[in-house]
Amino acid sequence: MSRRDLLKGAAGGAALAATRGGGSTLLKGAAGGAAGLLASSAGEALAQGVRSHTLTVSAVTWSVGGRITVPAYAYSLDGGAPTVPGPTIRATAGETLQITVVNRLAVPTTVHWHGVHPIPNDMDGVPAVTQPAIPPGGSFAYRFPAPPPGTYVYHSHVDVAVQVPKGLYGLLVVDDPRPGIRAAVPWRRDAGERRYDREYPLVLGDIQDAVGNAYHIINGKTFYGLDAVGEPANQGRLVFSMNRGERVLFRAWNASAAETHPMHTHGMSFDVVAADGMDLEIPIRRHNMGIDPGEGFDIIAHADTPGVWVFHCHNLHHAVNGMIAVNVVS
Ligand SMILES: [Cu+2]
């Protein structure tokens, strides 16, 4: 594909997908009719195995909880609300992803697909190395095959020590075609080892307010001194609800520029089933595990005891600064 084709794609990812899908067989789903287009939400289209999204980058004021706000950069997907972390992008193994990034910042940016391999070199998102940075007002269409099932990340690769902590990161999840199974290959154990009943992101970071106070955040929110847990909007962010007996997959990733987060569960253990998007041959059982900057783990917690159990960073400075969530087992 030439760069000119890419630029054409940047003009309208959904339109491109619609054109290519005309009258053809859908990868999945019987709906779509003559248009050959299966759209599950505005701006998202899946045609002939190409999953198209528009990812818009903008500067926002972000609430880390209660009335505490910080100046942030945020991604929004297909015209949705900008969030920190960015919205999770999902695909199914075998699809092609086409993500058109629209830069509404006052500074250049790019998107790097962290852990995605193989990927065409010119889709890697490194400014001045694999592409010119996307200027303010500009756009760029990334197109690459979805990697094997697992948890990946997308993040800015421009002025990284500023843009990433300010919020330009999010999960890219590639699903196994079989629902509820984490691994494509069961390796030595039965695939049931990696079965899960529900899942949550567990994206760790730190972010500063306008006067330089740092907040340690989980899924964009901080805990202490705030009413964050009680906010309806925070359900599923700092409160992780689960039923007794469930296996709960957390897709953990550390977006901090320089700090390790040793995450610790009370009241339950978890199996580490994948590291950096790749399945471990034998899951490792832990209740406390350090996650370095840029590292990610898929962990399956065992909700075997009812109660309200904290799930916190065991760098205790981070914990008292808000890096605490609550696992509620009903
Ligand atoms: Cu920490």
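Taking 0.36 nm per residue of separation and subtracting the current Cα-Cα distance, fully stretching the chain between Ala210 and Ser330 would add 39.3 nm.
Stick to Cα atoms and the Kirkwood definition of Rh, then tell me Rg/Rh for the stretch 191-329.
Values: Rg = 14.4 Å, Rh = 15.1 Å.
That ratio is 0.96, to two decimals.
By accessible area, using a 1.4 Å probe on protein heavy atoms only, the stretch 191-329 has 53% of its surface on carbon and sulfur. With K and R counted +1 and D and E -1, the other residues having a Cβ less than 15 Å from that of Ala257 yield a net charge of -4. Packing order of peptides 60-69, 79-88, highest average first: 79-88, 60-69 (average count of other Cβ atoms within 10 Å over each peptide's residues). Distances between placed amide hydrogens fall under 5 Å for Asp304 paired with Gly245, all partners being 5 or more residues away or on another chain.
The values are calculated or read from the model by the stated rules, or taken from the named source; none is laboratory data. What you see is a predicted model; the values in this text were computed from it and never measured. When we count neighbours, we look across all protein chains shown, and the Cβ atoms used for this are built from the backbone with ideal geometry, even at glycine. All accessible areas refer to the heavy atoms of the entire protein, side chains included, with ligands and DNA or RNA removed. Shrake-Rupley method; radii C 1.70, N 1.55, O 1.52, S 1.80 Å.
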